[in-house]
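The values are calculated or read from the model by the stated rules, or taken from the named source; none is laboratory data. None of these values were measured; they are calculated from a predicted model. All Cβ positions, even for glycine, are placed from backbone atoms using ideal geometry, and neighbour counts span all protein chains on display.
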Amino acid sequence: MDFQLTEAQDFFKKTVADTIDRLILPKADEIDEKDEFPWNLWREFSRLGYLGLRYPEEIGGMNADKVMCMIFYEEIARGSVGFAQSVIMNILMGTYFLYRFGSDAIKERCLFPAMRGEKIATMCFTEDQSGSDLGATRTTFVRDGSGWRINGTKMWITNGPICDFCTVLATSDPTKGLKGLNFLLVEKGTPGFSSGQVINKLGCRGTVTGELIFDNVWVPEENLLGEELDKGVFYLGEVLDEVRLMTGAMALGIARAAYDEALEFARKRIAFGKPIGVNQLIREKFAEMDTLMNAARLMVYYGAWMLENNMESRIIAAEAKMYATEVCLKVVDELTRIYGANAFAHEYKPQRFFRDARFLLYGGGTHEVLKDFIGRTIIGKL
Amino acid sequence: MKILVFVKQVADTEARITITNNGRSLEVENKYALNFFDEFAIEEALRIKERLKDVEVVVCSYGPKRSIEALRTAIAMGADRAVLIDSKDLDTDDPLITAKILSGFAKGDGFDMILCGKQAIDDENATIGPMVAEMLHIPHVGLVTKIETPEGGEVRVDRDIEGGRQTVKVKLPCLLIVQKGINEPRVPLITGVMKAMKANIPVLDPATYGIDVNSCTKEEAKVKVVRYESPGGRPPVKFIEGATAEEKAKRLIKVLKEEARVL
């Protein structure tokens, strides 16, 4: 077994970390405080080319393997989760189905500009009455002439209010549940497509999240992304493991940022005449955090390696997302205990990590749903 | 035109460094980075390349194998190629030996201009640039803050002097030692990172360039580190107490006069 990053992966990790340290970390607090999409940073960052991370070199991407993708997701989340969410939406979920099923014209119009950061992408799953329960999707589409007519409202859409295009999850028949799901591309400016409420979030601030409304929106035939009708849930399966592992990698990123903050504080903070890091109860916290983070890291990167090698990764991806997120919550909680009352003040970092970490509980499936999925898959049909 | 840039991989500023072996050696946490001042030199070489187009930027380091990572960073930024001269058997504390080896490389590989940072942030010697220039019998300019586009076999550069700035014209080939403020080093593009990841960086023996290895051994070193000491801890912060601002001010003046002795 070889757990070591290759020399190329290791160099990539250090270069990405340095880029994040220079461009994103210094702005992380401001992004959080203003809670506005950081357009200047977006332009500066997208110019570097990372938005094409996971796509082939022939179309201007980097063709990064899954381990490198996780390295990137972890590092950017360490810098600013608010910014990371917008970036990763463009890299992964917001463009995946265009890359996979889009016509040449669609790729030219949407995918390639999104890879260059000239267009903002998003993906719309969640509705006010459905999130993890995708079978309950109420946004519908029907055949209308040479295209499709879409009706419905999506909620909690990352990049939604500022997106240039979105991949919408819609059903051909709400009674079909998961078997009626499909993906359709809708571009900004299409009549009937608009942005509604912008959500004032507790964490991950800086990413604009909100409601998207599809009021009798008509799109041409080619905007149905998929080779066959009603196979959306299978197509989703192609990318779901990566999405879950990505969420786990982001959790690792926040956990590392929190851990580093705790470590620096424990080494410097003097109480009762000595650094608090010499106290056994503080040392125990670091032993615990380090153990948990190592376990979470192994799960996330093992999952990425399995995915890269086309191995069955549904269970490990769900477990890694769930476990890494829980570890992140634990580490952030310990940071606030080590830091003392200042962790409760807006002028210090711990409160941001504390708020940001909570959001990872929901994306990629709630842990209650994931546990049910894992258990059900292991036990099988009885 | 060919520009050589000499770089060094140094301990990252965040790496934990422990004095070991009874003060005779250092144990460095495994975190290394491209020397801060060398990034300015690479950036400046790349800017000249962007202006003149027909320029090759070659980056060279003399150090242990791990230094390849610093060279990859240089390639990610845009350098054309990089070379590592392995210090495996010759590693000494003497900058004269490093200068001998780097000047040997420069002679062998050829150059029109050499750029380097003003000092390495680990040993802070700040001697390699001038020594290499002397060994190559070429002019050097230190503390450079601006390099104009070379023209007609010479280049105009600005350098900081006490209380002002000096502009000098220097004939090529030359060695320029750059310092902070000359530019803002670029963040590598992903295309550069990809190129760097795949780059084959040759690791060479000093003898490859006809360098007299026998004069570069530990025994030949003229400088040897005797011991390391960590800086003393900062004195404690003293709070000046007092019922009123006036009283606090009086006590502060007394402390500044009698204890700090700065008044």
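Scan (1) over 21 Å from the mean Cα position of the chain (by Cα); (2) at pLDDT 95 or above; (3) more than 23 Å from A:Ser132 (Cα to Cα) for the single condition A:Phe353 breaks and write down its number.
Of (1) over 21 Å from the mean Cα position of the chain (by Cα); (2) at pLDDT 95 or above; (3) more than 23 Å from A:Ser132 (Cα to Cα), only one is false for A:Phe353: (1).
Kindly list, by first and then second residue, each pair from a residue in the range A:344-369 that is at positive phi to a residue that is at pLDDT 90 or above and among the polar types (S, T, N, Q), limited to pairs with Cβ atoms under 8 Å and residues at least 6 apart or on different chains.
The qualifying pairs are A:Gly364/A:Thr247.
Within the range B:171-185, is even one residue touching a Ser or Thr at 6+ places or on another chain (Cβ under 8 Å), among the aliphatic types (A, V, I, L, M) and within 14 Å of another protein chain (Cβ to nearest Cβ)?
No: the range B:171-185 contains no residue that is touching a Ser or Thr at 6+ places or on another chain (Cβ under 8 Å), among the aliphatic types (A, V, I, L, M) and within 14 Å of another protein chain (Cβ to nearest Cβ).
Are there any pairs with C-beta distances below 6 angstrom linking a residue in the range B:51-70 that is surrounded by fewer than 13 Cβ atoms within 10 Å (Cβ to Cβ) to a residue that is β-branched (Val, Ile, Thr), with the two at least 6 apart or on different chains, and if so which?
Cβ pairs passing all conditions: B:Arg51/B:Thr149.
In the set A:Thr140, A:Thr167, which member is under 30 Å from A:Gly206 (Cβ atoms) and surrounded by 15 or more Cβ atoms within 10 Å (Cβ to Cβ)?
Only one candidate qualifies: A:Thr167.
Which of the residues that make up the range A:173-188 are assigned to a strand (DSSP E or B) and either within 14 Å of A:Lys231 (Cα to Cα) or not assigned by TED's automatic domain parsing to the domain that holds A:Ser132 (or both)?
Scanning the range A:173-188 gives A:Leu181, A:Asn182, A:Phe183, A:Leu184.
Against the conditions (1) among the aliphatic types (A, V, I, L, M); (2) out of contact with any Ser or Thr (no Cβ under 6 Å at 6 or more places or on another chain); (3) under 25 Å from A:Arg138 (Cβ atoms), where does A:Leu202 fall short? Just the number, please.
In the conditions (1) among the aliphatic types (A, V, I, L, M); (2) out of contact with any Ser or Thr (no Cβ under 6 Å at 6 or more places or on another chain); (3) under 25 Å from A:Arg138 (Cβ atoms), A:Leu202 misses (3) alone.
If you go through the range A:84-105 one residue at a time, do you hit one that is crowded, with 20+ Cβ neighbours inside 10 Å, within 24 Å of A:Leu236 (Cα to Cα) and of a type in the set (Lys, Arg)?
No - not one qualifying residue is present in the range A:84-105.
For the subset of the range B:190-240 comprising residues that are free of Cβ contacts under 8 Å to residues at least 60 places away in the same chain and touching a Leu at 6+ places or on another chain (Cβ under 7 Å), which member is farthest from the other protein chains (Cβ to nearest Cβ)?
B:Ile240
Would you point out which residue out of A:Gly177, A:Gly147, A:Gly131 is at pLDDT 95 or above and either within 22 Å of the chain's Cα centre (by Cα) or not polar (S, T, N, Q) (or both)?
Of A:Gly177, A:Gly147, A:Gly131, the one residue that is at pLDDT 95 or above and either within 22 Å of the chain's Cα centre (by Cα) or not polar (S, T, N, Q) (or both) is A:Gly147.
When only residues in the range A:208-229 that are touching a residue at least 12 places away in the same chain (Cβ under 8 Å) and not in a strand (DSSP E or B) count, which is nearest to A:Gly180 (Cα to Cα)?
Going through the qualifying residues, I end up with A:Leu229.
Taking A:Thr6 as meeting all but one of (1) within 14 Å of chain B (Cβ to nearest Cβ); (2) among the hydroxyl-bearing types (Ser, Thr, Tyr); (3) over 24 Å from A:Asn309 (Cβ atoms), write down the number of the exception.
That leaves (3) as the condition not met.
I need the strands (runs of 3 or more DSSP E) fully contained in the range B:31-143, keeping only those with at least 2 residues that are away from every other protein chain (no Cβ under 14 Å) and at pLDDT 95 or above.
Numbers: elements: B:32-34, B:56-63, B:81-86, B:113-117.
Result: B:56-63, B:81-86, B:113-117.
Give the range A:149-164 a look and list any residue that's more than 23 Å from A:Met89 (Cα to Cα) and crowded, with 22+ Cβ neighbours inside 10 Å, or say none.
None - no residue of the range A:149-164 is more than 23 Å from A:Met89 (Cα to Cα) and crowded, with 22+ Cβ neighbours inside 10 Å, so the list stays empty.
Can you tell me which of (1) acidic (Asp, Glu); (2) more than 15 Å from B:Phe6 (Cα to Cα); (3) surrounded by 24 or more Cβ atoms within 10 Å (Cβ to Cβ) is the one B:Asp91 doesn't meet?
B:Asp91 satisfies every listed condition except (3).
Would you be able to say whether some residue in the range A:4-19 is farther than 18 Å from A:Lys119 by Cβ, in contact (Cβ under 8 Å) with a residue 40 or more places away in the chain, among the aromatic types (Phe, Trp, Tyr) and not in a loop (DSSP other than H, G, I, E, B)?
Yes: one or more hits.
Within the range A:258-284, count every residue that is assigned to a strand (DSSP E or B) and either among the aromatic types (Phe, Trp, Tyr) or not assigned by TED's automatic domain parsing to the domain that holds A:Asp333 (or both). Break it down into steps so the answer makes sense when it comes.
Residues of the range A:258-284 that are assigned to a strand (DSSP E or B), as a first pass: A:270-271, A:274-275.
If we keep only those that are either among the aromatic types (Phe, Trp, Tyr) or not assigned by TED's automatic domain parsing to the domain that holds A:Asp333 (or both) too, we end up with none.
Number of matching residues: 0.
Keeping to the range A:31-59, report how many residues are surrounded by 14 or more Cβ atoms within 10 Å (Cβ to Cβ), part of a helix (DSSP H, G or I) and more than 13 Å from chain B (Cβ to nearest Cβ).
Selection size over the range A:31-59: 3.
Hand me the list of strands (runs of 3 or more DSSP E) wholly inside the range A:60-172 holding 1 or more residues that are free of Cβ contacts under 8 Å to residues at least 12 places away in the same chain.
On the way: elements: A:121-124, A:140-144, A:147-158, A:165-171.
Per the criteria, A:140-144.
With respect to the numbered conditions (1) free of Cβ contacts under 8 Å to residues at least 40 places away in the same chain; (2) crowded, with 24+ Cβ neighbours inside 10 Å; (3) among the hydrophobic types (A, V, I, L, M, F, W, C), which one is the sole condition not fulfilled by A:Phe234?
Against the list (1) free of Cβ contacts under 8 Å to residues at least 40 places away in the same chain; (2) crowded, with 24+ Cβ neighbours inside 10 Å; (3) among the hydrophobic types (A, V, I, L, M, F, W, C), A:Phe234 comes up short only on (2).
With respect to the numbered conditions (1) outside any helix (DSSP H, G or I); (2) at pLDDT 95 or above, which one is the sole condition not fulfilled by A:Glu242?
Exception for A:Glu242: condition (1).
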